[in-house]
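Scroll down for the structure; my scribbles are underneath it.
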Amino acid sequence: MNILIASFVSILATAFWIATLLGLPGNWGLVLLGGLIVYFVPESMHVAIGIPVLVTIVLAALIGELLEFLAGAAGVNQMGGSKRGAALALTGSVAGAIVGMFVGVPIPIIGSLIAALLFGGLGALGGAVAGERWAGKDWEQSFQIGWGALWGKLLGTLLKTICGSAMLVLLLLAIWT
């Protein structure tokens, strides 16, 4: 029974990690999964994890969110962008990642990942450009800010995925050892 539970948790945890890579809140799925294990799995079972592991996973998720936010905001702000541009860049990046998942479907697994990252970055660029044009900036300045949003989005996703990777490894080590 322990192997069955550990296998199921491993598959689900990996799916949450992939969701993080796609720009979705997969790290919080890992936190939820860890919380469910702590709450529902008796300590006598081999797959149980302790409170220290759960607290570490929560802290890593918070750090990942902070790094993603700071990188995205820095991408827009460093180029002189407005709050409106930053907000629309965030909205565009989420919408772009979702569209990218479906555009990349013809290439199994990796196609959706790459397309979601690419379209998430392009969505951030488009959102920032729209926000800056709305704020009255010219096209050239709006595109410069948009490129900052794109690179900030990609860096933020990378940093958040690194935190998610640490969370995944910690969770898997806790349930398999």
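The values are calculated or read from the model by the stated rules, or taken from the named source; none is laboratory data. Just so it is clear, the model here is predicted, and its values are computed rather than measured. Note that we place each Cβ from the backbone using ideal geometry, even for glycine, and neighbour counts take in every protein chain shown.
Pairs, please: C-beta under 7 Å, at least 6 apart or cross-chain, first residue under 17 Å from L113 (Cβ atoms) and in segment 79-101, second hydroxyl-bearing (S, T, Y) and assigned to a helix (DSSP H, G or I)?
Close Cβ pairs satisfying both conditions: M101/S112.
For the structure I just gave you, tell me whether V31 is modelled with pLDDT of 90 or more and either in contact with a Gly (Cβ under 7 Å, 6 or more places away or on another chain) or surrounded by 17 or more Cβ atoms within 10 Å (Cβ to Cβ) (or both).
Details: modelled with pLDDT of 90 or more: yes; either in contact with a Gly (Cβ under 7 Å, 6 or more places away or on another chain) or surrounded by 17 or more Cβ atoms within 10 Å (Cβ to Cβ) (or both): yes.
Yes: the conditions hold for V31.
A quick yes/no check of all residues on (1) within 24 Å of C163 (Cα to Cα); (2) surrounded by fewer than 22 Cβ atoms within 10 Å (Cβ to Cβ):
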site	(1), (2)
M45	no, yes
I51	yes, yes
G80	no, yes
G85	no, no
M101	yes, yes
P108	no, yes
G121	yes, no
Q144	no, yes
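Which numbered condition trips up G81, out of (1) of a type in the set (G, A, S); (2) modelled with pLDDT under 85; (3) assigned to a loop (DSSP other than H, G, I, E, B)?
Here G81 meets the rest and fails (2).
Of all the residues that make up segment 25-51, how many are touching a residue at least 40 places away in the same chain (Cβ under 8 Å), within 16 Å of the chain's Cα centre (by Cα) and assigned to a loop (DSSP other than H, G, I, E, B)?
0
Based on this model, can you work out whether S112 counts as of a type outside the set (D, E, K, R), modelled with pLDDT of 90 or more and assigned to a helix (DSSP H, G or I)?
Working: of a type outside the set (D, E, K, R): yes; modelled with pLDDT of 90 or more: no; assigned to a helix (DSSP H, G or I): yes.
For S112, the condition - of a type outside the set (D, E, K, R), modelled with pLDDT of 90 or more and assigned to a helix (DSSP H, G or I) - is not met.
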